[in-house]
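Structure, as structure tokens:
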């Protein structure tokens with residue numbers, strides 16, 4: 001399984017809007033390739049239709065190659081719709097790929113099945129397919145309900161715990177190593193991997 005994180009770094013609201021637009025485009029491209037996406041976590045921005053960061057699980061044939069096209073610094077070139085008249089037009093965000101090593105943590109996790117909740121009426125899955133997973137040694141706890149089966153949600157929960165454990169370990173490493181995981185705190189600008197233009201987020 002591959003985890004892909006999109007981040008606005010410490011950028012202004014326009015950068016968080018770019019992440020939201022990028023997520024919509026990424027979902028469309030994934031569907032075209034027959035890949036499955038599951039959102040494992042997100043941090044909303046300060047304005048509507050914006051995200052400071054988004055963590056996705058990407059599954060299917062060719063998932064790594066697809067994720068690699070979204071890895072690295074990216075640029076959205078557009079006049080700000082949030083601050084009319086603002087001179088700046090270049091808004092940077094980034095993508096970071098992680099490969100989850102799930103099997104390592106199987107014996108160290110406690111799973112508990114729960115019912116999925118939230119809005120949705122008859123479309124909400126009312127069976128106990130949601131999974132609460134706790135990593136016993138660290139105390140890290142996650143809750144996953146994005147899939148309809150316990151098996152699929154357990155797999156996502158393992159991946160999410162693996163991601164959180166890796167981030168925790170990175171905090172104890174050197175600044176250079178930590179940057180590989182905490183890319184949302186120090187977003188590289190210049191030489192963008194992908195470029196998008198205008199309010200419709202057109203790729204070129």
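The values are calculated or read from the model by the stated rules, or taken from the named source; none is laboratory data. No experiment lies behind these values; they were computed from the predicted model shown. Because the Cβ atoms are built from the backbone with ideal geometry, glycine has one as well, and the counts that use them run over all protein chains shown.
Per the conditions (1) modelled with pLDDT of 95 or more; (2) surrounded by 13 or more Cβ atoms within 10 Å (Cβ to Cβ); (3) in a helix (DSSP H, G or I), the sole criterion not satisfied by residue 105 is (1). Note on segment 64-73: residues that are in contact (Cβ under 8 Å) with a residue 40 or more places away in the chain and over 16 Å from residue 28 (Cβ atoms) amount to 4.
Within segment 1-45, which residues are more than 16 Å from residue 68 (Cβ to Cβ) and in contact with a helix residue (DSSP H, G or I) (Cβ under 6 Å, 6 or more places away or on another chain)? Within segment 1-45, 7, 8, 9, 38, 40, 45 qualify. Taking every residue in segment 45-60 that is without any contact (Cβ under 8 Å) to a residue 60 or more places away in the chain and pairing it with any residue that is surrounded by 22 or more Cβ atoms within 10 Å (Cβ to Cβ) and assigned to a strand (DSSP E or B), at least 6 positions away or on another chain, the pairs with Cβ-Cβ distances below 6 Å are 45/51; 45/52; 54/6; 56/4; 58/4.
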